Structure formats: structure tokens, C-alpha cells
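Single-structure report; data block below.
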Amino acid sequence: MRPGIELQGKRVLIVGMARTGIATAQFCAARGARVTAIDDRGADQLGEAVGELREIGCTLEFGGNHVPVFQSQDLIVPSPGVPSNHPGLTAARGTHVTVWSEIELAWRFLRGRLVGVTGSNGKTTTTALIAHILASAGKQVILAGNIGTPLIAHVQESSDKAITVAELSSFQLELIDSFRPDVSVLLNLTPDHLDRHASFEEYARAKTRIFENQIEADAAVIHADNAAATQYAPPRPRTFWFSRRKRVASGAYLKGDSIIFRREGEDTVLLERADIRLRGEHNVENVLAASAAAFLVGAAPAEIAVGVRSFPGVEHRLEFVAEIGGVSFFNDSKATNVDATIKALEAFSGGLFVILGGKDKGSDYAPLISLLRARAKRALLIGAATEKIAAQLEGALPLERAETLERAVTLAYQHARPGDTVLLAPACASFDQFENYEHRGRVFKQLVQAIVEAPRAVQARGSEV
């Protein structure tokens, strides 16, 4: 039985008026809460959000120092983009105001089972794949969380028969209280968001809170090949591992060309490696994790194989865009950290023109050197992190300071020859030049499409380039 909360008449503060904030405000207002929404930005910067919130009777606060507002609430729900050490949240905790992330509030009302997926990389693909497998098996599925729409926006459609599959970020997990998935999935832990978290250890602790409230009847699926992830194996839920390198005692592993699920000493073949259409060894790992989670919530092996074969992939994740004059273009805008970019580089044998850069997240780019030296012909640098990346990669390969994504695409196409690949895999956040990684990926695809539609004379690349 999940702990409930009565919202009728409660003073609820929503911090941040973006997608999650609006959905949470609407949810609370519909249940009789007295909702205030606050944002550091002015009303003129928030566009339609202001009208949407006023329409449901929210009190709105903009900019400035509003510590007294934080201290006079019954519940505060900050959006994921608001750091947990925000001065208002710190002041609220000092007066014993409850501070929860949106997923904590949503979970208390959500019906049915919940599969939660977290990790540094692969979350979106794995979350979408689990949902796709279950949906193709005829189960009632809700896809939610950091992947697109907030969990709280799907509460109303949930039912006792539903299985909700949610992508969960460290920002969401660091402010949970009783939140408990029936099946948790930890894909990996590598340095990320170190501009927000004080250390890798703090980041890892936030991620692994996904296990914190699980009980013996629940299940945890963990990457056995990721040393950092194995250190956080929880004591209470049943632990199932996944590995493409070795047999595991319990869980999914690759044996020859078969993906096997092992439980209580018995092996079950779930699917064949040939069923996987996604590019890259990291996607074999994502399939192992997704298959294990789907099997644990009731998908049959044949249903898992069908789901994996028919999965189209995720937009902005090693997404093939076009081939122009023998040059292929791939959009991996979701590669927002160094480890994700490494996995993208590993998916190609060579001939790469790699677009790197954006908003730095406190990353070390030196781990890219060996792969770039071996597989890339040139790196094109964009955005605020340009000089830091250039300093760390200097001498590894030719570098070009393109500044903007538009110029990077143009220069890459001019330099590339038939058989080469232009790869957007930035290793950075997008917020210096774009709204988010989706916006960056869409712009990349539009720029490629513009080349496709250009007159043949414009497409031609002469030897003088």
C-alpha cells in the first residue's frame, strides 16, 4: 500500500514553470491544493506557461528573493532543473517544509506496477525499448518520466493492470522520500552532471536512491560489467545482473549469439543477437537490460524477441538521418556526456567527422583521444566548451572551431568523402545554444535536410576544399 497525501486545502509551491512544473501545478490544483508557482525568470520570458497557470488559479511569483514564500508552504515540488541546494529549498527544510520531486508525488497516486530506469547513459533507449516490448506483447503500458512527459501527467490514465515504464534522472531521484519501483534498472554509472553534483560520489548516490525503498518482493536489474554500478547493489530487492561479457548467477547474459536469462540455475533463451537492429555494442547492453526487465514483469521470450526486432530506435540516439553523395549523417544529440560519445564512436569503424561541444558539465574530454585518433578524420567544435575541448584534444586529430552547428555541418560535409560519416555526438549539454538536446538534434536534421534539398551544384564538393 502506497502512502497517500491529501492535497485538498494544502499550500503547495511549484518551483520552475517549465513542462514538469506546469503538469505538477495542474495535478495539485485539480485536487484542491492552493498552488503557488515560482520562477527566477520574468513573466515575459515564460510565454504560454503564465496563461496556463493563471487559468487554473495559481498564484505566480517571478524573479527576486522569495525565501518567505518557500517557508510558508506545506509541500514544495521543485522541477528537475532546480538544484536541491537552492536557497529557498534550504530555507524551507530549515522550517520542516516537505520537499519532494515530482516523481515522489506522482508515485503516491499512480496505480499498477512501475519499472524505473536510471543510469548515466542508455536510459532513453532502454526505457523506450521496455515499453515497446510490453506494448507489442499486448500489455497496457505507460511511457513517462525524463523521456518526455512527466510521470505526474499520466496518473489519471494509470490502472491496476497498467505497467508504467519511467526514465529517471539523478535530479528526480535525489528528492524522493518513499518512491519505490517494482523493478529498478541501473544501466551504468560514469561521470556526468558534475556541474550540478559536487562529486561523482554524490551523483552516484542520487542515482542509486532508486533502490532505497525497494522490498524483498521487488527486483533490481544492474549492469555487471560496470564496476561503479556493481558497488551499489542493494540488499533488499532480488538482484538480477546483465552482462555481454560473462555468465551471471541471476539475470541476462550473452552466450554466443543468444541472450539468456538465468534464474535459480535454469537458463531461458529470450532472443538471438541477430534480433537486435540497433547499432553499437552499448545497444546490446541496453537490450540485455530491457529484456531482463520485460521478462521480470511478464513478457514471454517470443514476445521479447518480436519487440526487439520491431523496435525502431529512439530519435536523437545514433539516429540515421541521410546519406548524401556517399556521406552518411548520424544524429546522436542525446550523447550529452563523454561516456555516451565514446559509445557512439565505438559504433563506427572509421571515417568520422565528429561534431563536439556545447555547455560543459565539468567533464574531462581526454578519454575521447584514443578513439578519435583511431576513427575520426576531424573534430568540429561548437559552443561554450570549444576552448576546453580544444585544449584537451590538441594534437590528437585535426580540430576546427566551427562555433555554430550550422557551420559545423557545412564544414564537415565539405571535407567528407564517399564512405565517410558525419556524427553529431557532442559530449556536452545543449543549453548554451539550444533549448535542449532534442532541439539541437532537430536543428541538425534540418541542416542535413537542407543539403539534401540543395541544388546539385551546391552539393558538389571540389578538390580545392
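With protein chains left intact and a 1.4 Å probe, residues in segment 378-425 average 39 Å² of accessible area per residue.
The local environment of residue 63, defined by Cβ-Cβ distances under 11 Å, has a net charge of -3 under the rule Lys, Arg +1 and Asp, Glu -1. Shown are 176, 369, whose ranking by accessible area with a 1.4 Å probe and every protein chain present, most to least, is 369, 176. Need one word for segment 31-189: rounded, prolate or oblate. Basis is the Cα gyration tensor (sqrt eigenvalues a ≥ b ≥ c); a/c below 1.5 gives rounded, then a/b vs b/c decides. Since a/c reaches 1.5 and a/b is larger than b/c, the shape of segment 31-189 is classed as prolate. What is the antiparallel percent of DSSP beta bridges lying wholly in segment 321-404, to the nearest 5? Here the antiparallel bridges make up roughly 25 percent for segment 321-404.
Placing +1 on the Cβ of every Lys and Arg and -1 on the Cβ of every Asp and Glu, with nothing else charged, gives the chain a dipole about its Cα centre of roughly 720 debye.
Roughly how many whole Å is it from the C-alpha centroid of segment 1-68 to that of segment 317-393? Measuring centre to centre over Cα atoms gives 39 Å.
Please say if the chain is rounded, prolate or oblate, where rounded means a/c under 1.5 for a ≥ b ≥ c the square roots of the C-alpha gyration tensor eigenvalues, and otherwise the choice is prolate for a/b larger than b/c and oblate otherwise? Oblate is the answer for the chain, as a/c is 1.5 or above yet b/c matches or exceeds a/b.
Name all residues of segment 197-231 having a backbone nitrogen under 19 Å from the label point set 7 Å from the Cα of residue 93 along its Cα→Cβ direction, giving them as ranges. Once the point is set 7 Å along Cα→Cβ of residue 93, 197-213 turn out to lie under 19 Å by backbone N, inside segment 197-231. Placing +1 on each Lys and Arg Cβ and -1 on each Asp and Glu Cβ, with no other charges, gives segment 1-75 a dipole about its Cα centre of roughly 320 debye.
Accessible area of residue 107 (1.4 Å probe, protein heavy atoms only, ligands and nucleic acids ignored): about 10 Å². Between residue 202 and residue 277, residue separation times 0.36 nm minus the direct Cα-Cα distance comes to 23.4 nm. Of the DSSP H helices in the chain, those with a Cα length along their own long axis of 20 Å or more and a mean Kyte-Doolittle hydropathy reaching 0.0 comprise 281-296.
Extending 7 Å from the Cα toward the beta-carbon at both residue 320 and residue 30 defines two label points whose distance is 4.1 nm. Dipole of the chain computed with +1 at Lys/Arg Cβ and -1 at Asp/Glu Cβ about the Cα centre; of 25, 434, 350, farthest Cα towards the positive end is 350. Taking 7 Å steps out from each Cα toward its Cβ at residue 264 and residue 61 produces label points 5.5 nm apart.
Charging the Cβ of each Asp and Glu at -1 and of each Lys and Arg at +1, and nothing else, the dipole of segment 321-423 about its Cα centre rounds to 80 debye. Classified by the C-alpha gyration tensor, segment 339-417 has an oblate form. Its axis ratio a/c, with a ≥ b ≥ c, is 1.5 or above, and a/b does not exceed b/c. Computed with a 1.4 Å probe on the full set of protein chains, the accessible area for residue 17 sits at about 10 Å².
At the residue level, residue 356 shows approximately 0 square angstrom of accessible surface with a 1.4 angstrom probe and all protein chains present. Considering only 35, 47, 1, the residue lying farthest towards the positive end of the dipole of segment 1-52 is 1, judged by Cα position with unit charges set on Cβ. For the chain, with all protein chains in place and a probe radius of 1.4 Å, 48% of the accessible heavy-atom surface sits on carbon or sulfur. In segment 159-289, the DSSP beta bridges split such that about 50 percent are antiparallel, to the nearest 5. Checked against a 30 Å cut-off, the cross-linked pairs 246/334; 123/445; 246/359 give Cα-Cα distances beyond that limit for 246/359.
The simple spin-label model puts a point 7 Å past each Cα toward its Cβ; for residue 403 and residue 284 those points are separated by 4.4 nm. Using the alpha-carbon centroid of each, what span in Å lies between segment 114-147 and segment 171-240? Distance between centres, Cα-based: 17 Å.
The values are calculated or read from the model by the stated rules, or taken from the named source; none is laboratory data. These numbers come from a predicted model, not from an experiment. Every residue, glycine among them, receives a Cβ derived from its backbone with ideal geometry; neighbour counts consider all protein chains shown. Ligands, DNA and RNA are excluded from the accessible area calculation, which covers all protein heavy atoms including side chains. Shrake-Rupley method; radii C 1.70, N 1.55, O 1.52, S 1.80 Å.
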